[in-house]
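Down below is the structure, laid out as structure tokens.
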Amino acid sequence: MNHVMQTYARLPLTLVRGKGSYVVDDNGKQYLDFVAGIAVNTLGHAHPMMVEALHQQAQEMLHCSNLYHIPKQIELAGKLAELSGLDEAFFCNSGAEANEAAIKISRKYFYDAGSNRRTIISATNSFHGRLLSTLTATGQDKVKVGFDPLPTGFKHVPLNDLSALRHVMDSETAAVLLEPLQGEGGVNLAAPEYLQAVRKLCDEQGVLLILDEVQTGIGRTGAMFAFEHAGIRADVITLAKGLGGGLPIGVLLASAKVASAFSAGTHGSTFGGNPLSCTAALTVLQVIKDENILKNVQARSEQLCQGLTKLIQRFDCLTALRGQGLLLGLLCSHEVAPVVDACRHHGLLVLSAGTHVLRMLPPLNVSESEVAQALIFFEKSLNEVST
Ligand SMILES: *Cc1c(COP(=O)(O)O)cnc(C)c1O
């Protein structure tokens with residue numbers, strides 16, 4: 001008997017190691033990894049710089065608690081502040097925790113100001129995590145069933161519908177929480193004009209804007225952060241998945257004005273921002289810079305989109321291509337599970353986003369020949385499921 005709780009519908013596959021964009025199963029079979037641990041393995045597997053940096057850090061110190069100053073954490077906070085234009089970082093261990101912190105800091109900010117703004121407005125089809133607060137913020141009923149009573153103070157509006165947002169925003173609204181590009185909910189892009197209008201509305205009403213960049217942040221969309229495509233600034237940003245390149249780390253970034261709501265004793269995390277996770281994140285940022293990885297994301301995205309667009313023209317079951325950078329979704333007329341299975345048999349790992357969207361999230365340093373290879377595997381798989 002397997003004693004692991006079955007919270008995931010696990011595929012019949014056991015992965016034991018990886019190198020670059022490839023992973024190997026327990027039978028020695030190799031796969032091109034276009035899942036990358038769900039947008040986590042930013043630099044692929046076993047990047048030499050990552051291996052070396054973690055080895056070094058493990059010899060020095062893994063953990064020492066936030067009771068003390070942690071040099072790598074200070075360095076990482078500085079780099080993230082510089083990159084994001086925000087001022088201060090709170091470190092935790094996952095996306096859900098980062099969003100929980102974002103919800104808490106928004107409420108506390110207004111509490112401190114003597115205001116009764118407490119409500120968080122998020123989008124339908126959003127995904128913000130599995131904690132009670134973040135599954136309540138999530139705009140999908142399926143994650144909530146059986147977990148009531150849920151916390152109060154959450155509302156939902158359709159994405160890209162400004163009048164719906166204007167309609168629900170009131171004197172109790174604390175923050176608007178959005179993914180610039182919805183990942184789990186089906187690869188749905190928040191239009192740049194929508195994000196700009198939301199920013200303006202938030203400014204007019206004195207409401208905070210929180211961007212959940214847990215999946216889109218750290219280069220995934222071809223910019224360091226997805227909000228850059230819309231040319232806006234958020235008051236709060238959350239990051240996790242790709243930041244540590246495989247080590248668990250989450251972060252809440254906030255403007256100085258909002259950050260002041262979290263004073264000593266108001267929030268915390270035992271593991272958050274430990275030396276090892278911060279070393280991993282610093283290495284990810286360094287390699288993104290040194291290897292010009294944002295350029296690669298743009299070029300590989302273009303290559304992959306061109307190839308996928310051709311396949312959409314050839315296969316009736318594929319109806320549309322969505323997404324940005326290397327967070328791409330193919331809309332299918334039937335359920336995508338058989339395509340995911342066929343791809344795996346042909347040596348390509350892909351995943352779904354909902355039932356009808358097939359998602360591709362390769363490592364950000366994926367090569368031109370690997371993308372070409374993935375397109376060949378994908379075409380073979382489509383041929384198989386279409387006949
Ligand atoms: C994955 C994800 C989360 C949750 O992250 P965990 O690390 O699994 O808690 C939150 N928001 C977005 C946008 C995500 O993609």
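Within segment 45-77, the set of residues being small (Gly, Ala, Ser) and touching a helix residue (DSSP H, G or I) at 6+ places or on another chain (Cβ under 7 Å) comprises 53, 58.
Residue by residue, here is whether (1) within 16 Å of the ligand (Cβ to nearest atom); (2) β-branched (Val, Ile, Thr); (3) under 17 Å from the mean Cα position of the chain (by Cα) holds:
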{"position": "60", "(1), (2), (3)": "no, no, no"}
{"position": "68", "(1), (2), (3)": "no, no, no"}
{"position": "74", "(1), (2), (3)": "no, yes, no"}
{"position": "81", "(1), (2), (3)": "no, no, no"}
{"position": "99", "(1), (2), (3)": "yes, no, yes"}
{"position": "107", "(1), (2), (3)": "no, no, no"}
{"position": "117", "(1), (2), (3)": "no, no, no"}
{"position": "120", "(1), (2), (3)": "yes, yes, no"}
{"position": "132", "(1), (2), (3)": "yes, no, no"}
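Looking only at residues of segment 221-241 that are under 11 Å from the mean Cα position of the chain (by Cα) and more than 10 Å from the ligand (Cβ to nearest atom), we find that the one that is nearest to residue 361 (Cα to Cα) is 221. Consider residue 161 carefully, then state whether it is more than 16 Å from the ligand (Cβ to nearest atom) and either modelled with pLDDT under 95 or among the acidic types (Asp, Glu) (or both). Answer is yes for this residue. When the test is whether a residue is under 18 Å from residue 218 (Cβ atoms) and within 15 Å of the ligand (Cβ to nearest atom), residue 125 does not pass it. Across segment 83-97, the qualifying residues are those that are surrounded by fewer than 24 Cβ atoms within 10 Å (Cβ to Cβ) and in a strand (DSSP E or B), and the one among them that is nearest to the ligand (Cβ to nearest atom) is 89. If you go through segment 138-161 and keep only what is aliphatic (A, V, I, L, M) and farther than 20 Å from residue 201 by Cα, you end up with 143, 145, 150. Just checking, which of 240, 226 is under 20 Å from residue 298 (Cβ atoms), touching a residue at least 24 places away in the same chain (Cβ under 8 Å) and touching a strand residue (DSSP E or B) at 6+ places or on another chain (Cβ under 8 Å)? Testing whether each residue is under 20 Å from residue 298 (Cβ atoms), touching a residue at least 24 places away in the same chain (Cβ under 8 Å) and touching a strand residue (DSSP E or B) at 6+ places or on another chain (Cβ under 8 Å) leaves just 226. Is it true that some residue in segment 357-367 is in contact (Cβ under 8 Å) with a residue 24 or more places away in the chain, over 17 Å from residue 310 (Cβ atoms), touching a helix residue (DSSP H, G or I) at 6+ places or on another chain (Cβ under 6 Å) and surrounded by fewer than 16 Cβ atoms within 10 Å (Cβ to Cβ)? No; the residues of segment 357-367 include none that is in contact (Cβ under 8 Å) with a residue 24 or more places away in the chain, over 17 Å from residue 310 (Cβ atoms), touching a helix residue (DSSP H, G or I) at 6+ places or on another chain (Cβ under 6 Å) and surrounded by fewer than 16 Cβ atoms within 10 Å (Cβ to Cβ).
For (1) in contact with a Gly (Cβ under 9 Å, 6 or more places away or on another chain); (2) hydroxyl-bearing (Ser, Thr, Tyr); (3) farther than 21 Å from residue 242 by Cβ; (4) assigned to a strand (DSSP E or B), each residue gets a yes or a no:
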residue	(1), (2), (3), (4)
323	yes, no, no, yes
331	yes, no, yes, yes
335	no, no, yes, no
342	no, no, yes, no
358	yes, no, no, yes
364	yes, no, no, no
369	no, yes, yes, no
373	yes, no, yes, no
378	yes, no, yes, no
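If you take the residues of segment 245-261 that are among the small types (Gly, Ala, Ser) and within 16 Å of the ligand (Cβ to nearest atom), which of them is nearest to residue 101 (Cα to Cα)? Selected residue: 250. Apart from one condition, residue 320 fits all of (1) surrounded by 15 or more Cβ atoms within 10 Å (Cβ to Cβ); (2) touching a helix residue (DSSP H, G or I) at 6+ places or on another chain (Cβ under 9 Å); the exception is (1). Among the residues of segment 262-317, those identified as of a type in the set (Gly, Ala, Ser) and either within 19 Å of the chain's Cα centre (by Cα) or not in a helix (DSSP H, G or I) (or both) are 263, 264, 265, 268, 269, 272, 273, 277, 280, 281, 301.
Here's the yes/no breakdown for (1) at pLDDT 95 or above; (2) part of a loop (DSSP other than H, G, I, E, B); (3) out of contact with any Ser or Thr (no Cβ under 8 Å at 6 or more places or on another chain):
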position	(1), (2), (3)
1	no, yes, yes
6	no, yes, yes
9	no, yes, yes
13	yes, yes, yes
31	yes, no, yes
38	yes, no, yes
41	yes, yes, yes
50	yes, no, no
55	yes, no, yes
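The values are calculated or read from the model by the stated rules, or taken from the named source; none is laboratory data. Not measured: the values here are computed from a predicted model. Virtual Cβ from ideal backbone geometry, glycine too; neighbours counted across all protein chains shown.
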